[in-house]
1. Given the options Pro276, Pro80, Pro175, state which has the largest fluctuation in a GNM of the chain using a 10 Å cut-off (strictly under) for Cα springs.
2. Quick check for you: with a 1.4 Å probe and neighbouring chains kept, what is the accessible area per residue of the range 1-86, in Å²?
3. Using Cα centres only, tell me the gap between the range 184-206 and the range 104-158 in whole Å.
4. Got the relative contact order for the range 21-92 handy, in percent, Cα pairs under 8 Å and 6 or more residues apart?
5. With just the Cα atoms defining each centre, how far is the range 276-299 from the range 1-48? Give it in Å.
6. Across the range 243-258, in residue order, what do the Karplus-derived ³J(HN,Hα) couplings come to in whole Hz, using 6.51 cos²θ - 1.76 cosθ + 1.60 with θ = phi - 60° and x for Gly and Pro?
7. Please report, as a whole percent, how much of the solvent-accessible surface of the chain comes from carbon and sulfur atoms (probe radius 1.4 Å).
8. Apply the a/c threshold of 1.5 to the C-alpha gyration tensor of the chain and tell me whether it is rounded, prolate or oblate.
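The values are calculated or read from the model by the stated rules, or taken from the named source; none is laboratory data. This is a predicted model, so every value here is computed, not measured. Methodologically, a virtual Cβ is constructed for each residue, glycine included, from the backbone with ideal geometry; neighbour enumeration extends over all protein chains shown. We work out accessible area using only protein heavy atoms, side chains counted, and drop any ligands, DNA or RNA first. Shrake-Rupley method; radii C 1.70, N 1.55, O 1.52, S 1.80 Å.
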Amino acid sequence: MPSKDLIVSIGRLKKERRAAIVAHCYQPGEVQDLADMVGDSYALAKFCAASEAETIVFCGVLFMAESAKVMSPEKTVLLPERDAGCPMADMVGPERVREMRRSHPGAAAVCYINTSAAVKAECDVCVTSSNAAKVLGSDSIKERDVIFLPDRNLGAYLAARIPGRNFILYDGYCPVHQAMRPADVAEARAELPGAPLLAHPECAPEVLALADFVGSTTQMIDYVAGYEGKAVIVATEMGVRHNMGRLRPDLTVRFVGGSVDAGADAVNGAKAMCGPDGVICPDMKRITPEGVHRSLSEGTHEIALDEGVRLRAKRCLDRMMELGG
Ligand code: 13P
Ligand code: SF4
């Protein structure tokens, strides 16, 4: 728990800097409690674009803070921990996108929001887990062939649900969600028979096949808010427990554990922390209340983007906002 003094000082600095603090649903609970807005990637991107704050302290990972800067170059965007990255976003760079476009001329290049600004700059449209079906189902995307990157799991999930398009999938994945296996779901189900399984679309297809509901972090939290049963099983990072617990303190929330740490070591040195009771994204847990305070008082770490890259990445994000609602 942060001290009262620290919380007061954060409030004072926020006022001085005319700052807003935003936090992704996977952030530590005590960081979420400091935020003006907590949400999934899409909700945070929209909030930052509309916010009148002069400074945004982004409690999340690099690609999210970059997206805020892409949309609002006039704002100072701060990521309290420079090393808070996303191993999946790091699996693809701009050169690889250019290569894929050369190999598939005529295909639309669609990127998940979990990509760098440099990758977005090479793509036609961006999607998040909450709006991907809507964006890709839109008639305004005329191309039948769609290069989808980097998440092979979200890509396969969409390919099975969006008729009339041919998906060319990149082979990236989230080490956190990839770690969850059907055996881990079975273990949770044995403890809570009859409880619905809510899963994030970054989970492997064999886990998604078992799910009763598939959605973004915010969509899963909303499901819980409207759910009348006594227990749910959740296949995503454990940070969502904070909001779920606040909305439904009486509900049993059992997270799906991770039994396989599929390749996480090889990426960014970040290891999905797997246990039988859930999986944690180490990058999402780097930010602390002390880090938020430092960020506000010292202006660390400011996101800066090449203006050409920013403008091209903005086209990609603007198209998402236009089609994603
Ligand atoms: P959401 O868009 O659902 O918040 O997901 C982002 C993410 O990084 C999930 O791993
Ligand atoms: Fe990236 Fe996965 Fe962590 Fe989300 S949970 S930030 S996709 S590594």
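1. Comparing Pro276, Pro80, Pro175 in the GNM, the peak value goes to Pro276.
2. Here the residues of the range 1-86 average 40 Å² of exposed surface.
3. 27 Å
4. 28 percent
5. Here the two parts' Cα centres lie 11 Å apart.
6. 5, 4, x, 5, 6, 9, x, 7, 7, 7, 10, 10, 8, 7, x, x
7. It is 51 percent, rounded to a whole number.
8. Judged from the Cα gyration tensor, the chain comes out oblate (a/c at least 1.5, b/c at or above a/b).
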